[in-house]
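Computed from the coordinates by the stated procedures, all read-outs in this text should not be read as laboratory data. From a predicted model like this one, the values you see are computed outputs, not experimental measurements. Cβ sites come from the backbone with ideal geometry, for glycine too, and all protein chains shown count toward neighbours.
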Amino acid sequence: MTSKPVATAPADAPVASKLEALLNLQRIDSQLDEIRRVRGDLPEEVRDLEDEIAGYEVRVSKFDEEISALNDQIKQRKQNAKDAEGLIKRYEDQQQNVRNNREYEAIAKEIELQKLEIQISEKKIKEAQYQIELKNSDIAGTKQRLDERKKDLTNKKTELDVIVGESEADEKKLMEERAGATQPVEDRLLTAYTRIRGNVRNGLAVVTVKRDACGGCFNTVPPQRQADIISHKKIIVCEHCGRVLADVEARIVA
Ligand SMILES: [Zn+2]
């Protein structure tokens, strides 16, 4: 497509100049689409990786907190067991000086209770240690994945920077050109143009008829419709896809 300078086309402007303005806008947008197509999924992949990494970091720090809480529990349980041992020692001393069997039995019961307390503490300590082991192994795995993802991210970011760097100037120039190109397009048409572009897969809202077919959906455009398009009396859309049919490309006669 050529990039002829576009004349301003208010609502009462001739249809031909409206179509010319639309074609010009489409040409710019198609070039912008191409730039973004080359970048492809990279920007999204970079965002996804950043999200994934943040998730892993949260996971590791959550596990670190849980391990620290478990270590506190172990410390507390160890203290409990130590206290119980101290009590047992004291009770055993008391048992040496009992005056009767009843007192002896009562102290023996206390000793049993403290022994039970020690057993419970030891069991809880083992459980907590096992939990810590599990969490540590999860942390190790997560950190490994984290390192891998960080490498992926660095690579993807470098790749993206190169691609963006190559096209950044072009994109900026096209965006400026685009701002100027929308000026001569009346609001109603611009809205329709934007809507059609959003609905079609290839981003083409304005096309020409090539070899008797719509340049957007490739369905046949009947001869009478083609004649209407060429006459530029009104804006005609493809009856199959709704794209604006701006012109009919001359067939090359062999
Ligand atoms: Zn069509």
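Report the charge-dipole magnitude of the chain in Debye, nearest 20, computed about the Cα centre from +1 at each Lys and Arg Cβ and -1 at each Asp and Glu Cβ.
Approximately 580 debye in magnitude.
Quick one: which of LYS126/LYS150; LYS62/LYS151; LYS82/LYS143 span more than 26 angstrom between C-alpha atoms?
LYS126/LYS150; LYS82/LYS143
Relative contact order (percent) for the chain, with alpha-carbon contacts under 8 angstrom and 6 or more residues of separation?
27
If you take the C-alpha gyration tensor of segment 42-168, multiply each eigenvalue by 5 and take the square root, what semi-axes do you get, largest first, in whole Å?
They are 61, 9, 8 Å, listed from largest to smallest.
With a 10 Å cut-off between alpha carbons and a GNM built on the chain, which of GLU176, GLU112, GLU34 moves the most?
GLU112
So what is the calculated 222 nm ellipticity per residue for the chain, using -39500 (n - 2.57) for each DSSP H run with n of 4 or more, over all residues, to the nearest 500 deg cm²/dmol?
Rounded to the nearest 500, the figure is -26500 deg cm²/dmol.
Read phi for every residue in segment 103-112 and hand back ³J(HN,Hα) as whole Hz from Karplus 6.51 cos²θ - 1.76 cosθ + 1.60, θ = phi - 60°, with x for Gly and Pro.
Calculated HN-Hα couplings, in order: 5, 4, 5, 4, 5, 4, 5, 4, 4, 4 Hz.
May I ask for the percentage of alpha-carbon pairs in the chain that lie more than 31 Å from each other?
60
For segment 157-167, take each phi angle, set θ = phi - 60°, evaluate the Karplus expression 6.51 cos²θ - 1.76 cosθ + 1.60, and give the result in whole Hz per residue in order, putting x for glycine and proline.
Result, ordered by residue: 5, 4, 4, 5, 4, 5, 5, 5, x, 5, 10 Hz.
Taking Cα atoms, how many degrees apart are the long axis of helix 42-96 and the longest axis of the chain, rounded to 10 and kept between 0 and 90?
The helix 42-96 is inclined about 10 degrees to the chain.
For LYS109, give me every one of the lysines with a C-alpha distance below 17 angstrom, ignoring sequence neighbours fewer than eight places off in its own chain.
LYS109 reaches LYS89.
Could you grab the Rg to Rh ratio for segment 118-254? Cα atoms only, Kirkwood for Rh.
That ratio is 1.45, to two decimals.
In a Gaussian network model over the chain where Cα atoms closer than 10 Å are linked, find which of GLN183, GLN119, GLN26 has the largest mean-square fluctuation.
GLN119
Where is the GNM fluctuation largest for the chain (alpha-carbon springs, 10 angstrom cutoff): ILE163, ILE28, ILE230?
In the Gaussian network model the winner is ILE230.
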